[in-house]
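Written below as C-alpha cells is the structure these notes are about.
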Amino acid sequence: MKLRKLIFLTLFAVLSIASCFRYSIVDFSNEEERTDPLIKDLENYQENYNAPSINNLNFLSFDETSTKCDIRPEATEADFYYFAPFLKAKLNTEGQQTEFENGCFKKNVFKIEKISNEETILSLDSSEPRGFFCKDSYIISLFNFHKIHVNFLKGQHKISLKNLTDNDILDLKVNGVRMFAFCQGFLTSTHSFIMSLKLYLGGIGKNPDSIIPITRPSVPEYMEKANVDFLNRYVNNQLIKREQYGNAVLNFDISEIKTGDFVAIYRLDGLDPLIMFGTGSRIGHSAVACWIDGELYVLESQDGWYWPKRGIQRNKWSTWVEWAHRADFHVAILPLREEYRNKLNVEKAIQFFESIEGTPYGYRNFLFSWIDTSDKNIPKFVDHETISLLFTIVEKVSRTAVDTILGEAINIRVGTKGKLIHEVAYEAAKKNMTFESVLAIVEEEGWEYSDGVNYVCSCFVIAFYQHGDMFGDLQFSPNEFTPKDVYQLDIYDRSYKDKRPQVCKDADPELEYCQVMGKYQVNLPGYSSITPYSHMNENCPSIAPEFVRTEGC
C-alpha cells in the first residue's frame with residue numbers, strides 16, 4: 001500500500017519538475033522558487049541571434065524532443081517511465097570536466113571551476129545548436145541541493161552553488177555533483193506520464209461491487225493491456241493467454257498441495273511488472289502452502305490495497321482463492337521435491353511463522369532483496385543517481401513513505417537512526433563510501449526496524465524454509481531473495497508434469513506445475529535450476545532485458 005503511494009508521489013513529482021523546466025528555474029536547496037521569466041530568456045535570445053520579436057512567438061513551439069538520450073533511443077515518442085530524468089554527467093574534483101552531446105546543443109563541456117563553501121562555481125560551455133528555438137534543460141544536484149538550469153543560449157554559462165556546508169562539499173567530493181537531463185519536452189513527458197499512470201491506476205479497492213471501477217479489486221482492461229505491453233517490450237516477457245481457462249479457477253483435490261509448496265503469483269497491476277523489470281522475475285508475489293490442524297492455508301506477507309488483510313498472515317485455501325481470483329491473480333503451485341520436503345521441519349517452520357504472524361509487511365527490505373550491486377541492478381534507461389534524486393525530492397513531500405521504503409534501511413546500514421537521505425549520504429561519505437555502495441550492503445535477517453523485523457513476500461517464504469531447517473547448514477540471508485530467486489532454487493519436483501491432476505494437464509499441457517488461475521500463463525525460465533549455496537544472492541546483477549546472473553553471486 002505504501003509502496004504504491006510512493007510510486008504515485010514520485011510520478012507526480014517528476015512531472016512537476018518537468019513542468020518547471022517549461023516556465024522557471026527552481027532552487028530546491030532552500031525550498032524557495034526563483035523565477036526567471038521565459039520572456040527575459042527570449043529577449044536575450046533575440047538580441048544574440050537577431051531572432052523575431054517575442055510578440056510573434058508561440059511558447060509551445062519549442063522543440064519537444066530537446067534531449068539526446070543514448071540510453072533511451074526511442075525517446076522522441078512517449079513511452080513508459082520516459083518522463084524521468086537521467087544522469088548526463090558527474091564530476092567531483094576541481095578542474096575536472098566532461099564533454100557530451102545533447103538534444104539542442106551538439107557540444108557541451110561541463111566543468112567544476114571552483115569548490116568552496118561560500119561559492120562553488122560550475123560552468124557549462126554549449127555550442128553547435130541544432131535549431132533556432134531549441135533548448136536543453138538540466139537538474140544540477142547534490143544530495144541536499146537541487147537546481148534547475150534551462151539553457152537557451154550558446155556560449156559559457158556559470159552555475160553558482162552558494163553557501164554549501166562542509167557536508168555538502170564532502171558529498172560533492174565523494175558522490176559528485178550530478179547533472180541530470182530530461183529525454184522529452186513537457187508535452188511528450190506528460191504523455192509518457194499518463195502512459196505510466198495507466199500501469200497502476202486501477203484495482204486498488206476491496207469491494208468488487210464498488211460503483212467506481214478503479215476501486216474494485218479486479219484489474220481494469222486498460223490497465224491489463226498497458227502492463228502486457230510493458231512486459232512484452234521492456235522485460236521480453238511475451239505473456240501467453242489461456243483462452244479457455246483464463247477466467248476459471250481449476251478445481252482439483254487440494255490434497256495434491258503439500259506443506260512447503262511454493263505459491264507463485266503475479267498481478268498485472270504496475271507493481272508486479274515493475275518488480276519483474278528490476279529483477280528479471282516472471283512473478284511479483286510469493287506465498288507458501290501449509291497444512292495446519294488439518295486445514296490448508298496460504299501463508300504470506302501481503303499489503304495490497306485490494307487485499308482484505310495486511311501484514312504477515314494465514315488464510316484458508318478456499319478464502320484465499322476467492323480473494324485472489326477477484327483480484328485477478330495469476331497463481332501456480334510449485335511442488336517441493338521429496339528430498340527437500342523431507343528436510344523441512346514443518347513444526348519448526350510453523351513456529352517461526354506464528355512468532356511473526358501479524359507483523360507488518362516488509363517494506364524496508366523491498367528494495368534490498370533486489371539491489372545487490374552498486375551499478376548492475378538498475379535498468380539501463382535509468383540509474384542509481386536518478387533514483388536517489390527522486391527519493392530526496394519526494395522525501396520533502398512525504399518523509400514517512402520514503403522512510404518506510406528507503407530511509408530506515410539506509411540508516412541502519414551506516415549505523416545511524418532517523419537521518420534524512422542526504423544526512424545518510426554525508427555519514428557514508430565520511431567513511432569514504434558512495435551512496436550506491438550503501439544500497440548494495442547485504443540485508444541481514446533480524447534487523448530491527450521501527451515496526452520490528454521485516455520480511456517482504458519472497459523473503460518470508462525463504463525464511464519459512466530456512467527456519468524449518470530445509471537448507472541444513474547453509475548460511476545466507478533470506479532477506480536477499482527476490483521472487484525469481486525463490487522459483488529458481490533447485491528444490492522443486494521437475495518430474496511433476498505427468499503427475500499433475502488431469503485438469504492441470506488439460507489447461508496448460510506444457511507447464512511442469514499446476515496453474516490454478518489467471519488469464520495468462522505463469523512461465524518461469526530457469527525454474528528449479530540453481531543449487532542452494534551459502535551467501536547466495538548477495539551480489540547478483542539483474543539488468544534488463546538480458547538479466548544475466550553471474551555464477552556464484
Open item on the list: Along the Cα→Cβ direction, 7 angstrom out, place labels at SER255 and GLU354. What is the inter-label distance in nm?
Closed with: 2.6 nm
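Between TYR222 and LYS417, what's the calculated FRET efficiency when r is the beta-carbon distance and R0 is 60 Å? Round to 0.05.
Values: r = 43 Å, r/R0 = 0.72.
The formula returns an efficiency of 0.90 here.
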TODO: Work out, step by step, the length gained on full extension between SER450 and GLU538: first 0.36 nm times the residue separation, then minus their alpha carbon distance; give nm to one decimal.
DONE: 29.3 nm
Task: Order of CYS553, CYS457 - criterion: other Cβ atoms within 10 Å of each residue's Cβ, fewest first - done: CYS553, CYS457
Task: Low-density loop positions, GluC sites (Glu not before Pro), region 112-143 - DSSP coil, at most 10 other Cβ in 10 Å - done: GLU118
Task: Extended-chain gain in nm, criterion 0.36 nm per residue less alpha-carbon gap, ASP229 and CYS553 - done: 113.5 nm
Open item on the list: Just to confirm the number: angle between the C-alpha axis of helix 421-430 and the first principal axis of the chain, 0 to 90 degrees, nearest 10?
Closed with: 80 degrees
Task: Diffusion coefficient, µm² s⁻¹, Stokes-Einstein with Kirkwood Rh over alpha-carbon pairs of region 372-427 at 10 °C and 1.306 mPa s - done: 134 µm²/s
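Could you order the peptides 124-132, 409-417, 511-519 from most to least packed, using the average number of other C-beta atoms within 10 Å per residue?
Going from most to least packed, we get 511-519, 409-417, 124-132.
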Task: Net charge over other residues, Cβ less than 11 angstrom from the Cβ of TRP370 (K, R count +1; D, E count -1) - done: -3
TODO: Would you please give the FRET efficiency between SER127 and THR93, computed as 1/(1 + (r/R0)^6) with r the Cβ-Cβ distance and R0 = 25 Å, to the nearest 0.05?
DONE: 0.55
Task: For region 209-316, radius of gyration divided by Kirkwood radius, i.e. Rg to Rh on alpha-carbons - done: 0.99
- [ ] Under a cut-off of 19 Å between alpha-carbon atoms, report the aspartates and glutamates in cross-link reach of LYS258, not counting same-chain residues fewer than 8 places apart.
- [x] ASP293, GLU295, GLU300, GLU338, GLU339, GLU347, GLU354, ASP469, ASP490, ASP493, ASP498, GLU512
- [ ] Run through every distinct alpha carbon pair of the chain and return the Kirkwood hydrodynamic radius in angstroms, one decimal place.
- [x] 25.2 Å
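So which GluC sites (Glu not before Pro) in region 347-384 end up in coil per DSSP with only 14 or fewer other C-beta atoms within 10 Å?
GLU357
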Task: Positive-pole candidate from GLY155, ILE393, ASN175, dipole of the chain, charges at beta carbon - done: GLY155
Task: Selected from PHE368, PHE262, ILE405, residue furthest toward positive end of dipole (the chain; charges at beta carbon) - done: ILE405
- [ ] Between the alpha-carbon centers of region 88-115 and region 284-334, tell me the distance in whole angstrom.
- [x] 52 Å
- [ ] Work through the residues other than LEU524 whose Cβ is under 10 Å from its Cβ and net out their charges, Lys, Arg +1 and Asp, Glu -1.
- [x] +1
Task: Angle between the chain longest axis and helix 186-198 axis [Cα atoms, degrees, rounded to 10] - done: 10 degrees
- [ ] Give the calculated FRET efficiency between LEU187 and LYS114 to the nearest 0.05, with a Förster radius of 30 Å applied to their Cβ-Cβ distance.
- [x] 0.20
Task: Dipole-positive endmost among ILE283, PRO525, THR98 within the chain (Cβ charges, Cα centre) - done: THR98
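Readers should treat all values here as calculations from the given coordinates under stated rules, not as data from a laboratory. Not measured: the values here are computed from a predicted model. No Cβ is skipped: glycine too gets one built from the backbone with ideal geometry, and neighbour counts run over all protein chains shown.
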